[in-house]
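**Q** Dumping the structure here so I can ask a few things about it.
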Amino acid sequence: MKPPPFVYHRPASVVAALATLAEAGEDGKVLAGGQSLVPLLNMRLTQPGHLVDINRIRELSYVDAGSDAVRVGALTRHAELARHPGVPALLREATGCVAHPAIRNRGTTVGSIVHADPAAELPAVLALLRGSVTLASAAARPGRARPDQEIVRRSVAAADFFLGPLTSAVRPDELAVEAVFPRPAPRSGTAWLELSRRKGDFALCGTGVLVTLDEDRRVTGATGAYTGVGPVPVLVELTEAVAGRPVDAVDWDRAGTLAAGAVAPEDDIHATAAYRRQLVRVLSARAGAAAARMAVADG
Amino acid sequence: MAEPMHEVALTVNGVPRGAAVPARRLLSDFLRHDLGLTGTHVGCEHGVCGACTVLLDGEPVRSCLLFAVTVDGAEVTTVEGCRSADGGLGPVQQAFQDCHGLQCGFCTPGFITTVTAYLRENPDPDQEQARDAIGGNLCRCTGYQNIVASVLRAAQLQRGGAG
Ligand SMILES: Cc1cc2nc3c(=O)[nH]c(=O)nc-3n(C[C@H](O)[C@H](O)[C@H](O)COP(=O)(O)OP(=O)(O)OC[C@H]3O[C@@H](n4cnc5c(N)ncnc54)[C@H](O)[C@@H]3O)c2cc1C
Ligand code: FES
Ligand code: FES
């Protein structure tokens, strides 16, 4: 099918985009890579009156790989992030599991997070690393002479950002300008594993694990993040199953069992709840062991 | 009320082309209907089948998931642009013919563009990598064995081997 008509806006700056979004209100939608939005438009599952195309806002195309965190601008494509040399392994691995190269050449990291598909990789990675999203809006208050000159920013932690399937904390007048992925602490390791029916499909279950060791190579913390087993990315604290043991003596199957008991997946046409629970068990154990190996190598 | 029109100018297969279209015109339809380049095929219109894949500034993208107006000013290569300099079959096209990599040919334009871009960065893939390279393209008739063979053959032709 073909998309419904809409009024098209192509602002060249964040300020201009925010002014347009403020004016359009509930009737406006941001167009980033379009790899989720255009299918919805083509199927006429959504019918926004105004599309605000951010593809010309060059100031939003950046990866800032700092020592404390990696900051990803809203126009950075999946493929650009995966190619960037300063990006932590978890982000690169998970991004490499998103769809196919042709989709990754266009889709954006931030767009994927805002879209908040519970089966998507990047929201789970953001949750696991306790990251945040920076949202901007026009500070249009009555009486201000030039309301478009003022930008208000707020930072929303991943824990508060994902509200439900395809629902995030972004208001209609807001533009997500940046995702912030904190770097894991020293002596940490991470791994991302997933299972999909065909390569490039959304995974039945994706699993990220973050493991942290102390100076004596004992496990001090382990957390799992899961896609496809809840309405939002699901975090499970795995520490009690593995903490205090020397890293070589950890039985990661215990973490898998703990995780499988903590998630509440549902049946759907792709897999039963029981099968998804089994994936959580197996992928947690494997990803935990892989993350632990990386943590050892890290220090 | 008539829909507002937008002037879109692209360089398609090296030639400057343009048309005035509504904002909702998909790049796939822009190429086919407005420019008459019907080599690009449209299967699913939601990014899954890969038939509509074209090269945008050299990189493969789904033309059914882009509005023409968004990519105004860009360079686009379609299957028509994958021919050789003398106007005959390009190496990837030749390989698909040599290896029976197509039957009805509906999916083929998407494979040709995808493989063309892939081989530029990976000139010597093995069997497994070749399979991986076409993972985002669906074919309903040929079966993938011959298509994988076509990818390997194309790599060989591009490296100058007659084999
Ligand atoms: C065949 C296919 C397979 C896919 N497989 C996967 C997969 O396995 N894993 C996966 O994670 N994803 C997958 N995707 C989705 C892909 O990752 C998208 O790129 C991503 O979900 C959305 O990013 P986008 O830039 O394309 O956003 P768009 O499609 O442009 O926008 C998506 C939504 O977010 C809003 N939005 C986008 N950016 C902003 C912003 N900066 N501020 C405010 N709102 C914004 C839009 O208004 C819209 O509602 C797949 C897509 C396709 C077509
Ligand atoms: S028509 Fe574009 S991917 Fe199927
Ligand atoms: S040759 Fe018919 S769909 Fe591929």
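**Q** With N residues in the range B:83-158, what two-decimal value do you get for its Cα radius of gyration over 2.2 N^0.38 Å?
**A** In units of the globular-protein estimate, the range B:83-158 measures up at 0.97.
**Q** Can you check how the C-alpha radius of gyration of the range A:123-222 compares to 2.2 N^0.38 Å, as a plain ratio?
**A** 1.49
**Q** Quickly estimate the mean residue ellipticity at 222 nm for chain A, helices only: each DSSP H run with n ≥ 4 gives -39500 (n - 2.57), and the total goes over all residues, rounded to 500.
**A** Taking each H run of at least 4 residues, the total per residue is -9000 deg cm²/dmol.
**Q** What is the magnitude of the charge dipole of the protein assembly as shown about its Cα centre, with +1 placed on the Cβ of each Lys and Arg, -1 on the Cβ of each Asp and Glu, and no other charges, expressed in debye to the nearest 20?
**A** Using only the charged Cβ atoms, the result is roughly 200 debye.
**Q** Based on the Kirkwood radius over alpha-carbon pairs, what value in µm²/s does the Stokes-Einstein equation return for the translational diffusion coefficient of the range A:22-84 at 4 °C and 1.567 mPa s?
**A** Translational diffusion coefficient: 96 µm²/s.
**Q** What is the diffusion coefficient of the range A:188-298 in µm²/s, taking the Kirkwood radius over Cα pairs and the Stokes-Einstein relation at 37 °C with a viscosity of 0.692 mPa s?
**A** After rounding, the answer is 238 µm²/s.
**Q** What's the whole-number percent of alpha carbon pairs in the range B:52-122 lying beyond 15 angstrom?
**A** 54 percent
**Q** Which order do A:Tyr226, B:Tyr144 take by accessible area at a 1.4 Å probe, largest first?
**A** B:Tyr144, A:Tyr226
**Q** Right, next: Measuring from label point to label point, each 7 Å out along Cα→Cβ, what is the B:Asp124 to B:Ser84 span in nm?
**A** 2.3 nm
**Q** Turning to a different aspect of this structure: Solvent-accessible area of A:Arg56, probe 1.4 Å, all protein chains present, reported in Å² to the nearest ten, please.
**A** 80 Å²
**Q** Could you tell me the convex hull volume per residue, in Å³, taken over the Cα atoms of the range A:58-182?
**A** Measuring per residue, one finds 110 Å³ for the Cα hull of the range A:58-182.
**Q** Which log10 I(q)/I(0) values, to two decimals, does the range B:10-55 give at q = 0.29, 0.30, 0.31 Å⁻¹ under the Debye formula with one point per Cα?
**A** -1.19, -1.23, -1.26
**Q** Where the Cα atoms of chain B are projected onto their three principal axes, how long is each span, largest first, in whole Å?
**A** Reported extents, whole Å, longest axis first: 59, 31, 24.
**Q** Per residue Cα convex hull volume for the range A:7-53, in cubic angstrom?
**A** Roughly 64 Å³ of hull volume per residue.
**Q** Given N residues in the protein assembly as shown, what is Rg(Cα) / (2.2 N^0.38 Å)?
**A** Its radius of gyration relative to the 2.2 N^0.38 Å reference: 1.04.
**Q** With a sphere of radius 11 Å drawn around the Cβ of A:His50, what net charge do the other residues whose Cβ falls strictly inside it have (Lys, Arg +1; Asp, Glu -1)?
**A** For residues surrounding A:His50, the net value is -3.
**Q** Under unit Cβ charges (Lys, Arg +1; Asp, Glu -1), what dipole magnitude, rounded to 20 debye, does the range B:63-163 have relative to its Cα centre?
**A** 240 debye
**Q** Name the longest site-free stretch of chain A, where the excluded sites are GluC sites (Glu not before Pro) in a DSSP loop with no more than 16 other beta-carbon atoms within 10 Å.
**A** Here the longest run is A:1-149.
**Q** Compare the Cα positions of A:Leu135, A:Pro182, A:Val156 along the charge dipole of the range A:126-271 (+1 at Cβ of Lys, Arg; -1 at Cβ of Asp, Glu; about the Cα centre) and return the one farthest towards the positive end.
**A** Among A:Leu135, A:Pro182, A:Val156, the one farthest towards the positive end of the dipole of the range A:126-271 is A:Leu135.
**Q** Any idea what log10 I(q)/I(0) is at q = 0.21 Å⁻¹ for the range A:1-130, Debye with uniform C-alpha scatterers and no solvent?
**A** Debye curve over Cα of the range A:1-130, log10 I(q)/I(0) at q = 0.21 Å⁻¹: -1.27.
**Q** Could you list, bin by bin from short to long, the percent of Cα-Cα pairs of the range B:22-91 in 10 Å steps?
**A** Taking all Cα pairs of the range B:22-91, the binned fractions are 22, 54, 22, 3 percent.
**Q** Against the longest alpha carbon principal axis of chain A, how many degrees, from 0 to 90 and to the nearest 10, is the axis of helix A:14-24 turned?
**A** 70 degrees
**Q** Continuing with the same structure: In Å, what Rg and Dmax follow from the Cα atoms of the range A:225-275?
**A** Rg then Dmax for the range A:225-275, in Å: 13.1, 42.
**Q** Which value, in debye to the nearest 20, describes the size of the charge dipole of the range A:13-82 about its Cα centre when Lys and Arg Cβ atoms bear +1, Asp and Glu Cβ atoms bear -1, and nothing else is charged?
**A** 220 debye
**Q** Right, something else. Taking loop as defined by DSSP and a crowding limit of 14 other beta carbons within 10 Å, which trypsin sites (Lys or Arg not before Pro) in the range A:173-276 fit?
**A** Answer in residue order: A:Arg197, A:Arg198, A:Lys199.
**Q** Would you mind telling me which residue in A:Leu258, A:Leu126, A:Leu40 has the biggest mean-square fluctuation in a Gaussian network model of chain A, where springs connect alpha carbons within a distance under 10 angstrom?
**A** Per the Cα network of chain A with a 10 Å cutoff, A:Leu40 tops the list.
**Q** Same structure, new question: Return the value, in Å² to the nearest 100, of accessible area buried between chains B and A (probe 1.4 Å, both sides summed).
**A** Summed over both sides, the interface buries about 2200 Å².
**Q** Could I ask something else about it? Once R0 is set to 41 Å, what does the formula 1/(1 + (r/R0)^6) return for the Cβ-Cβ distance between A:Asp64 and B:Ala19, expressed as a FRET efficiency to the nearest 0.05?
**A** 0.60
**Q** Here is a follow-up. Summing Lys, Arg as +1 and Asp, Glu as -1, what charge do residues with Cβ under 14 Å from the Cβ of A:Cys97 carry, A:Cys97 excluded?
**A** Its environment carries a net charge of -1.
**Q** Putting +1 on Lys and Arg Cβ atoms and -1 on Asp and Glu Cβ atoms, find which of B:Cys44, B:Ala68, B:Val15 reaches farthest to the positive end of the dipole of the range B:5-81.
**A** In the range B:5-81, that residue is B:Cys44.
**Q** Something else now. If you line up the long axis of helix A:252-262 against the longest principal axis of chain A, both from Cα atoms, how many degrees apart are they, to the nearest 10?
**A** 50 degrees
The values are calculated or read from the model by the stated rules, or taken from the named source; none is laboratory data. Because the structure is predicted, anything quoted here is derived from the model rather than measured. Glycine also receives a Cβ, built like all others from the backbone with ideal geometry; neighbour counts cover every protein chain displayed. Just the protein is used for accessible areas: all its heavy atoms, side chains included, with ligands, DNA and RNA removed. Shrake-Rupley method; radii C 1.70, N 1.55, O 1.52, S 1.80 Å.
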